[in-house]
Amino acid sequence: MKTLVSLISFLAILLVALPGPLYKFGILELGPAFTALRYGVFTGIGAIVLILVQLIFLRKNISWPSVAVSAVLAIVAVGLPLSIMSKAKSVPPIHDISTDLVNPPKFSAIATLRADAPNPVEYAGEETAKQQREAYPQLKSQVYTQSSAQVFGATEAAMNDLGWELVNADKSAGIIEATDTTTWFGFKDDVIVRIASAQAGTVLDVRSKSRVGRSDLGKNAERIQQLIEKINSHL
C-alpha cells in the first residue's frame with residue numbers, strides 16, 4: 001500500500017506540473033495539457049482516498065514520513081488546479097483589458113506577431129468593456145504632471161524592471177509595445193502603452209491582451225495595475 005500511494009501521489013503531481021512546461025516548449029497542445037491537469041486532479045483525489053484508508057485501517061504499518069510526502073504531493077496536485085478554477089469563476093471571462101474603453105490603444109508592431117494568434121488583434125468590443133467596468137473599475141487613464149518624454153522614459157524603465165520583451169518604442173508616436181510571457185504555461189500576452197500630451201498634463205493609457213484563451217484569470221488587469229505602479233515609482 002505504501003508503494004502504491006507514493007506512486008499515485010507522484011503521478012498526480014507530474015500530471016499537474018508537467019503540462020505547463022510541455023505546452024510552453026511546443027511538446028503538447030493546449031487541449032491535451034488541460035486534460036492532463038484534470039487527470040492530475042482525479043489522480044490526486046485517488047491518492048488522498050488511499051492515504052485516508054491507510055490512516056484509518058493500516059495505522060500500525062504506516063511510514064509517517066512517506067505518508068506525509070504523499071499527502072503533500074496529492075494535496076498540491078488537487079489544490080493548484082482547483083485554485084485556478086476558483087480564480088476563473090471570480091473574474092469575467094475576458095482577455096482584452098484597457099484603461100481607455102472608448103478609444104483603446106491599437107497594436108502596431110505587435111499586430112504582426114499576433115497574426116496566427118487565436119485571439120484577434122482588434123479590440124474585443126462593448127460586451128468586454130461592460131464586463132471590465134464592473135470587474136475592474138479602478139483601471140482608468142493615468143494623468144501625470146510630468147512631460148510626455150519623462151513618462152515615456154519611466155514606462156520603458158518599468159517594462160524593463162518587469163522583464164517584458166520590448167517590441168516597439170516609438171517616442172514620436174508616444175507608443176510602447178511589449179510582450180509578457182507567463183512562467184508556467186508560457187502564454188504570451190501583449191501590452192501597448194499610449195502616451196499623449198493634453199491640457200491637463202500627460203495622459204497614459206495601457207492595453208493588455210492575451211493571444212490565446214477566452215478568460216485571462218484576471219492576469220491582464222493585474223499586469224496593467226503592476227505596470228502603472230512601476231511607472232509611478234519611477235516618476
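Values quoted throughout were computed directly from the atomic coordinates according to the rules given, and no laboratory measurement underlies them. Source: prediction; values computed, not measured. Don't worry about glycine lacking a Cβ; one is built from the backbone with ideal geometry, like all the others, and counts go over all protein chains shown.
Name the longest site-free stretch of the chain, where the excluded sites are chymotrypsin sites (Phe, Trp or Tyr not before Pro) in a DSSP loop with no more than 16 other beta-carbon atoms within 10 Å. Let's see the in-between values first.
Working: sites that count: Phe25, Trp184.
Maximal segment without exposed cleavage sites: 26-183.
Please report Glu222, Glu134, Glu177 as a ranked list, fewest other C-beta atoms within 10 angstrom at the top and most at the bottom.
Details: Glu222 15, Glu134 9, Glu177 25.
The order, fewest Cβ neighbours first, is Glu134, Glu222, Glu177.
Sort Ser197, Ser148, Ser83 by Cβ crowding within 10 Å, fewest neighbours at the top.
Values: Ser197 13, Ser148 18, Ser83 10.
Going from least to most buried by this count: Ser83, Ser197, Ser148.
Tell me the mean residue ellipticity at 222 nm calculated for the chain from its helices only (DSSP H runs of n ≥ 4, each -39500 (n - 2.57), averaged over every residue, nearest 500).
Numbers: 8 runs with 123 residues, N = 235.
Estimated from H runs of four or more residues: -17000 deg cm²/dmol.
Over the C-alpha trace of the chain, radius of gyration and Dmax come out as 22.5, 78 angstrom.
Using 19 Å as the cut-off for backbone N distance, which residues of the range 1-28 belong to the label zone defined by a point 7 Å from the Cα of Lys60 along Cα→Cβ? Answer for this model: 1-3.
Annotation for the range 137-235: trypsin sites (Lys or Arg not before Pro) lying in DSSP loop with at most 15 further Cβ atoms inside 10 Å of their Cβ are Lys140, Lys171, Arg214. Residues Ile192, Ile75, Ile97, ranked from the fewest to the most other C-beta atoms within 10 Å, line up as Ile75, Ile192, Ile97.
Taking the square roots of five times each eigenvalue of the Cα gyration tensor of the range 96-234, the equivalent ellipsoid has semi-axes of 22, 17, 14 Å, listed largest first.
Shape of the range 2-90 from its Cα gyration tensor (a ≥ b ≥ c, root eigenvalues): rounded if a/c is under 1.5, otherwise prolate when a/b > b/c, or oblate? Intermediate results must be reported in sequence, preceding the final value.
On the way: a/c = 3.08, a/b = 1.99, b/c = 1.54.
It is prolate, given that a/c is not under 1.5 and a/b is the larger ratio.
Angle between the Cα long axis of helix 148-162 and the longest principal axis of the chain, 0 to 90 degrees, nearest 10? Rounded to the nearest ten degrees, it is 10.
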